[in-house]
Amino acid sequence: MKNQADIFINRELSWIEFNKRVLLTGMRKEYKILDKVKFCSIFSNNLDEFFMVRVASLKAQVEAGITKKSIDGLSPKEQLAEINKEVKNLTTIQEKFVNHELRNELKKEGVILKKYKDLSETQKNWCDNFFTSSIFPLLTPLVVDPAHPFPFISNLSLNLAALIKDGEDSKDQFVRIKIPTKNINRFIQIPNEIIQINNEGSHYFISVEDLIGNNINALFKGMECINYSFFRVTRDADLELKELEADDLLLAVEQSLQKRRLGGDVVRLEVESDIPENILKLLIESISIQEEYIYFCKSLLGLDDLNQLTKINRDDLKENLLIGRTHPQLQNLDSPANKNFNSIFKILRKKNILLHHPYNLFRTSVEEFINKAADDPLVMAIKITLYRVSKDSPIIAALMRAAENGKEVMTLVELKARFDEDNNIQWAKQLEQAGIHVVYGIIGFKTHTKIALIVRKEKGRLRNYFHIGTGNYNSNTSRFYTDLGLLSTDPDIASDLLELFNYLSGFSKQKRYKKLLVSPSSMREKFIFLIKREINNAEGGKKAEIIAKMNSLVDPEIIKLLYLASNAGVKITLIVRGICCLYPQRKNLSENIKVKSIIGHFLEHSRIFWFCNNNDHEVFIGSADWMRRNLDRRIEAVTPIEDNELKNKIYSLLQTYIKDDYFSWIMKEDGSYTKYELDSADNRSQIDLIEKSTQY
């Protein structure tokens, strides 16, 4: 019997390995400087969310005395020890990179982060005046003494801690000031005329905390500041809901969000590496945090704010990602030559369309589909699931317009989409006010499906048109996430979608579907069948192969089956962007399995499942990864692609990813990842796909 650690990789450590790939991608020499800044920011933002959710959950388990082990045999306490060790190693790498290479390269390109102490007197005067007029009124020093308890430190806030002496005989007083980074930019731009340069391409900044620290005496006139330092806390932000006890899910989520804003327990304390010992001691006592969760930082705290620098007007310093063309079959829909204004429906009656964003524009495909449905007098009903929606959503506007036009509109809004709850609550209220039937899904399950159904009356009967995708109905992320979508009128799949929407609105107990794979009812069972069929084919001397692309691979049952398939001779290629708990290329376990991760300018988000089936290929796309939560605890939908032309397109796409030797990381048998030699990199999947999309 093999040890669990020899079969499965720890989920949390695999995620850290993924975030390491994000960091190292941003350190690549050939990347443009503001793209490096972006990746550095993403790495830090990822870590924040990881601590708020995953580390917080493990800490809660330890405090509750839970000793249940992970799939690789580690207890919660052991996992936390490994996490802290690995994360501290990575943040050290990041800090060295930010303090030296990144800062120097920014300076070389005319983007300069100045220190207050290095400014000229004229520059200091401008900064001091800016502090007095734009920052000072926003600051509220809070003293800690017997009459004033230690103030609440909000999640991810940047704070100044100071020791102040009021007179020679008085005791030192501890004071905390919250830095108002939500109301003012973290990096304040000093005008070029103050720097005395004429180059419009140059940008000079000073961090808001550096400016506040050097004006601290203005806050404590008549007193003496002994010393000060900056700190930042991360709190448990996992949102717990007792749905079964909630009469109103919308109200329950709102109340839970209020608790999150107040914040759970502190799970990480970030401090400056040179923080005075007396201030650190006061912080530790007041926040009640163990030493292993204290991170001593040699760079700026909260490096996710570096993303502000990517907004500067220097297009030469970043890759142009605003690409994409209208799908060839959807071009010129509104041309005067078209007699039928709603020609998108005419096209779909003749041909299925496979979309690939951002290479195919979301605006002229999915949004066009919903917009035309909202205005078409023959459309009777629109049904859609919304998981993450952009703040200024054209799709929401179209749904409201459809309701105004007298159509039946049903929208499922997932209120529990993590960190998008607030946004979704506001949309749900607006949709209801517009007369749209809004539902929140099935108790105990998140609805993660990406499905839209349009019912149209044609020649006296109803015809169903639909979209099934791998990504959200989000206009913003569609420009930066790679996702697939199917536009079709297939009657069997449309029938399945009708049943699924009825299930989501509480009017059906449907568990069997003609073609659609739906979790938690039929998806796991179907994937197990498909993998076992490849095993049987291999054992019978038939051609057997599996290619699967997803965000994460965690499910133990699926992983064990893939190991069995490998040993049976099934060739398996897995393209897994993030967490992968499977070991590839291990003797007598996974010799026929290869795993690669693609980290590029776009976030690889599409899920594709391709089964050879002795050359009678079966292909699926949809919203689910091979994770327990997707297969057992979420409402997911994966659709078969049965059109041979589209099957071939997907196979060609998968081969583009498999051949990639530029954006790819190859997983080794010990679970670590390595890069190809850049000198030999000829296949750049994302760049190649951009070039293909411009050939329309």
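Here's the yes/no breakdown for (1) outside the structural domain of LYS542 (by TED's automatic domain parsing); (2) over 30 Å from ASN320 (Cβ atoms); (3) surrounded by fewer than 22 Cβ atoms within 10 Å (Cβ to Cβ):
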site	(1), (2), (3)
CYS580	no, yes, no
VAL595	no, yes, no
ARG607	no, no, no
CYS612	no, yes, yes
ASN615	no, yes, yes
If you check ILE179 against the conditions, is it in contact (Cβ under 8 Å) with a residue 40 or more places away in the chain, among the aliphatic types (A, V, I, L, M) and in contact with a helix residue (DSSP H, G or I) (Cβ under 6 Å, 6 or more places away or on another chain)? yes
Considering each of ILE279, ILE323, ILE289, ILE275 in turn, give the residue that is outside the structural domain of LEU163 (by TED's automatic domain parsing) and not in a strand (DSSP E or B). ILE323
With the checklist (1) surrounded by fewer than 16 Cβ atoms within 10 Å (Cβ to Cβ); (2) modelled with pLDDT of 95 or more in hand, flag the one item LEU301 doesn't pass. (1)
Looking for whichever is surrounded by 12 or more Cβ atoms within 10 Å (Cβ to Cβ), at pLDDT 95 or above and touching a helix residue (DSSP H, G or I) at 6+ places or on another chain (Cβ under 9 Å) here; the options are VAL266, VAL271. Which one fits? VAL271
Residue within segment 552-561 that is assigned to a helix (DSSP H, G or I), touching a residue at least 60 places away in the same chain (Cβ under 8 Å) and more than 30 Å from the chain's Cα centre (by Cα) present: no
What is the residue count in segment 515-535 for residues that are more than 31 Å from the chain's Cα centre (by Cα) and either crowded, with 22+ Cβ neighbours inside 10 Å or at pLDDT below 95 (or both)? 1
Taking the condition under 26 Å from the mean Cα position of the chain (by Cα), crowded, with 24+ Cβ neighbours inside 10 Å and not aromatic (Phe, Trp, Tyr), does LEU497 pass? no
Checking SER475 against (1) farther than 21 Å from ASN371 by Cβ; (2) out of contact with any strand residue (DSSP E or B) (no Cβ under 6 Å at 6 or more places or on another chain): exactly one of these is not met. Which one? (1)
Which condition does TYR116 not pass, out of (1) under 23 Å from VAL37 (Cα atoms); (2) under 33 Å from the mean Cα position of the chain (by Cα), if it passes all the others? (2)
Complete set of residues in segment 279-325 that are hydroxyl-bearing (Ser, Thr, Tyr) and without any contact (Cβ under 8 Å) to a residue 60 or more places away in the chain: SER288
Hey, does segment 28-43 have a residue that's modelled with pLDDT under 95, in contact with a strand residue (DSSP E or B) (Cβ under 8 Å, 6 or more places away or on another chain) and surrounded by 19 or more Cβ atoms within 10 Å (Cβ to Cβ)? no
Mind checking which residues of segment 462-494 are surrounded by 24 or more Cβ atoms within 10 Å (Cβ to Cβ) and of a type in the set (D, E, K, R)? ASP483
Of those in segment 44-57 that are without any contact (Cβ under 8 Å) to a residue 60 or more places away in the chain and under 13 Å from LEU13 (Cα atoms), the residue surrounded by the most Cβ atoms within 10 Å (Cβ to Cβ) is LEU47
Please go through segment 292-320 and give me each residue that is in a helix (DSSP H, G or I) and over 26 Å from PHE480 (Cβ atoms), ordered by number. GLU292, TYR293
Check on GLU30, assigned to a helix (DSSP H, G or I) and either acidic (Asp, Glu) or in contact with a Lys or Arg (Cβ under 7 Å, 6 or more places away or on another chain) (or both): no
Looking for whichever is modelled with pLDDT under 95 and over 14 Å from LEU487 (Cα atoms) here; the options are LYS350, LYS339. Which one fits? LYS339
Only one of LYS532, LYS511, LYS515 that is free of Cβ contacts under 8 Å to residues at least 60 places away in the same chain and within 26 Å of VAL439 (Cβ to Cβ): LYS511
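The values are calculated or read from the model by the stated rules, or taken from the named source; none is laboratory data. In this text the structure is predicted, and so the values were computed from the model without any measurement. Glycine also receives a Cβ, built like all others from the backbone with ideal geometry; neighbour counts cover every protein chain displayed.
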